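The values are calculated or read from the model by the stated rules, or taken from the named source; none is laboratory data. All values reported here derive from a predicted model rather than from experimental measurement. Cβ atoms come from the backbone with ideal geometry, glycine included; neighbour counts cover every protein chain shown.
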Ligand code: HEM
């Protein structure tokens, strides 16, 4: 029974990782290429909320399936306790990055939700752009440590 659950958890983890990272790469490309202000005002109010909820679902599914995989491999004893082994290092790097990524996502989501379709203040603009850049780059490093972790397991 536990094996079936963890098999499913791994499939869900992978599909959600693809969705989460794919979505953030696509929005990054959209942000760079869609420069016309009028087009932005037409596109973002519609796409923004759908994308936002899609990403929230993907992140919650990633964290919960990740927790199940952590249990499967008995990784919780290594949590925030880097004992010098490659596995504890990869796990702790990945989790630290995931925590920062989750905080950046909450910041980005709250600003996007509050200001959708409205003019943003300079501070909101900076926080929103900064958090989305941070999420994009952190994803690349989370992927790296996910691959390192998987190679060891
Ligand atoms: C943004 C969040 C996350 C992303 C994008 C992510 C991404 C990934 C990816 C792509 C893999 C597969 C690597 C490969 O096949 O080479 C993976 C595996 C794994 N992840 Fe995550 N992950 C996230 C969060 C978590 C969390 C919170 C945990 C909890 C400890 C976790 C635990 C694991 C484990 C244990 C594996 C290996 C599973 C196995 O080999 O059966 N992940 N992750």
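Taking region 31-46 as the region of interest, how many residues are touching a helix residue (DSSP H, G or I) at 6+ places or on another chain (Cβ under 8 Å) and closer than 17 Å to residue 108 by Cα?
Number of matching residues: 1.
Of the numbered conditions (1) farther than 20 Å from residue 28 by Cα; (2) surrounded by 15 or more Cβ atoms within 10 Å (Cβ to Cβ), residue 76 satisfies every one except a single condition; which is it?
(2)
List the residue pairs whose Cβ atoms are under 7 Å apart, where the first residue sits in region 57-76 and is farther than 16 Å from residue 7 by Cα and free of Cβ contacts under 8 Å to residues at least 60 places away in the same chain, the second is near the ligand (Cβ under 6 Å from one of its atoms) and in a helix (DSSP H, G or I), and the two are 6 or more positions apart or on different chains.
Between residues of region 57-76 that are farther than 16 Å from residue 7 by Cα and free of Cβ contacts under 8 Å to residues at least 60 places away in the same chain and residues that are near the ligand (Cβ under 6 Å from one of its atoms) and in a helix (DSSP H, G or I), the close pairs are 58/20; 59/20; 76/70.
What pairs can you find where one residue is in region 112-138 and exposed (fewer than 12 other Cβ atoms within 10 Å of the Cβ), the other is assigned to a helix (DSSP H, G or I), and their Cβ atoms are less than 6 Å apart, with a gap of 6+ or different chains?
Final answer for the pair search is 117/45.
Based on this model, can you work out whether residue 142 counts as part of a helix (DSSP H, G or I) and within 9 Å of the ligand (Cβ to nearest atom)? Even if it seems obvious, please write down each step before you answer.
Details: part of a helix (DSSP H, G or I): yes; within 9 Å of the ligand (Cβ to nearest atom): yes.
Judged against the criteria, residue 142 is a match.
Under 6 Å by Cβ, and 6 or more places apart or on different chains, what pairs join a residue from region 12-33 that is at negative phi and at pLDDT below 95 with one that is part of a helix (DSSP H, G or I) and away from the ligand (no atom under 11 Å from the Cβ)?
Every condition considered, the pairs that remain are 24/136; 28/136.
Tell me whether region 66-75 contains one or more residues that are touching a helix residue (DSSP H, G or I) at 6+ places or on another chain (Cβ under 6 Å), near the ligand (Cβ under 8 Å from one of its atoms) and farther than 20 Å from residue 18 by Cα.
Yes, region 66-75 contains at least one residue that is touching a helix residue (DSSP H, G or I) at 6+ places or on another chain (Cβ under 6 Å), near the ligand (Cβ under 8 Å from one of its atoms) and farther than 20 Å from residue 18 by Cα.
How about region 24-45: which of its residues are part of a helix (DSSP H, G or I), more than 11 Å from the ligand (Cβ to nearest atom) and either under 23 Å from the mean Cα position of the chain (by Cα) or closer than 30 Å to residue 69 by Cα (or both)?
Result: 25, 26, 27, 28, 29, 30, 31, 32, 33, 43, 44, 45.
Got a number for residues in region 60-102 being part of a loop (DSSP other than H, G, I, E, B) and closer than 19 Å to residue 151 by Cβ?
So the count comes out to 7.
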